[in-house]
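The values are calculated or read from the model by the stated rules, or taken from the named source; none is laboratory data. Since the structure is predicted, the reported quantities are computational estimates derived from the model, not experimental observations. Neighbour counts run over all protein chains shown; Cβ positions are idealised from the backbone, glycine included. Accessible surface areas use protein heavy atoms only, side chains included; no ligands, DNA or RNA. Shrake-Rupley method; radii C 1.70, N 1.55, O 1.52, S 1.80 Å.
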Amino acid sequence: RRAAYGQGTGPILMDNVECRGSEAELQHCIFNSRHNCHHGEDASVSCYATRIRLRGENATDQKGRVEVFRNGMWGTVCDNDWDMNDATVVCRQLGYPHALSANRRAFYGQGTGSILMDDVRCRGSEEKLQDCPFTSSDNINCAHHEDASVSCAPSIRLQGEIATDTEGRVEVFQNGVWGTVCDNDWDINDATVVCRQLGYSRALLAPGHAVYGQGTGPILMDDVECRGDETKFQDCFFSKQHSCGHDKDASVSCG
């Protein structure tokens with residue numbers, strides 16, 4: 001929203017778009033051809049293009065059984081030679097800073113269908129798990145009780161002067177770097193999503209103006225608009241463009 005990738009030019013052809021999610025094309029959704037918009041309201045998307053996911057019993061966005069998409073199908077990874085280098089590549093591919101554990105023996109339950117990779121041997125610097133050396137499905141001698149899993153470090157953290165585990169300056173991990181969040185439109189709904197993602201039940205405060213000290217590096221999010229029920233902070237609406245300085249870094253206090 002809000003022209004996150006810059007304003008377009010020319011006519012605005014669709015407004016009030018309502019998709020079910022199953023349509024083959026955007027034009028198949030319900031929409032109005034008349035509008036009362038300007039290009040400051042141009043819509044944008046960020047697509048989930050990675051061919052890897054986490055599934056299983058008690059799995060979350062950060063931990064679970066590793067499944068990869070190859071040759072038109074989803075399948076699991078065998079845990080022969082599975083280690084922290086492999087898990088780190090998986091976690092970074094999913095947008096997390098690093099791996100906390102590399103679990104074996106179907107730690108999050110056994111998958112179904114094909115086992116697509118075995119004997120994975122990553123150095124740890126690869127961009128994708130599929131870039132690592134591995135044995136393909138034609139030569140695999142595994143069963144699903146050997147499905148590999150990972151647990152990834154969170155892509156959000158609290159930092160700053162006098163920061164604690166429950167309060168501090170909000171920093172997010174995007175595109176391989178840590179950065180801060182600008183406090184424009186910052187409110188308790190935004191703070192609630194941050195706190196829940198960090199494992200707390202609620203937010204107590206949503207301070208702005210760098211109350212825990214100014215961060216350094218890039219400012220990665222601005223004009224954040226969370227409803228309060230999102231699973232991840234990065235699922236909220238936000239702008240990647242900003243006119244902020246670090247004196248406007250957003251913070252939270254969780255309870």
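Miscellaneous remarks
- The residues of region 1-150 have, on average, 59 Å² of accessible surface per residue, using a 1.4 Å probe with all protein chains present.
- Each part reduced to its alpha carbon centroid, region 173-211 and region 30-74 end up 22 Å apart.
- Relative contact order %, the chain, counting alpha carbon pairs below 8 Å whose residues are six or more apart: 16 percent
- Note on His35 and His209: the extension gain reaches 59.0 nm, defined as 0.36 nm multiplied by sequence separation minus the Cα-Cα distance.
- Computed [θ] at 222 nm, deg cm²/dmol, the chain (DSSP H ≥ 4; -39,500 (n - 2.57); rounded to nearest 500): -2500 deg cm²/dmol
- The chain: antiparallel DSSP beta bridges as a percent of all, rounded to 5: 90 percent
- Cα gyration tensor shape for region 126-255, rounded if a/c is under 1.5, else prolate or oblate: prolate
- Structure-derived volume of the Cα convex hull per residue in Å³: which label, when the choices are [x] 122; [y] 174; [z] 153: [z]
- Acute angle (nearest 10 degrees) that the helix 84-93 long axis makes with the longest principal axis of the chain, alpha-carbon atoms: 40 degrees
- Overall form of region 50-148 per C-alpha gyration tensor (a/c, 1.5; a/b vs b/c): rounded
- Hits among lysines - C-alpha to C-alpha of Lys128 under 30 Å, sequence gap 8 or more where chains match: Lys63, Lys232, Lys240
- Trypsin sites (Lys or Arg not before Pro) restricted to DSSP loop in region 70-178 with at most 13 other C-beta within 10 Å: Arg105, Arg123
- Between 0 and 90°, nearest 10: helix 188-197 axis offset from the chain longest Cα axis: 10 degrees
- Region 171-239 - share of DSSP beta bridges that are antiparallel (%, nearest 5): 75 percent
- Per-residue extension of 0.36 nm, minus the Cα-Cα distance of Tyr5 and Cys19, leaves a gain of 2.9 nm for this segment.
- Rounded, prolate or oblate (a/c below 1.5 giving rounded, otherwise prolate when a/b exceeds b/c) for region 176-235 by Cα gyration tensor: prolate
- Here the peptides 143-152, 212-221 are ranked by packing, the mean other Cβ count within 10 Å, and the order with the highest first is 143-152, 212-221.
- Region 153-199, accessible surface, carbon-and-sulfur percent (1.4 angstrom probe): 43 percent
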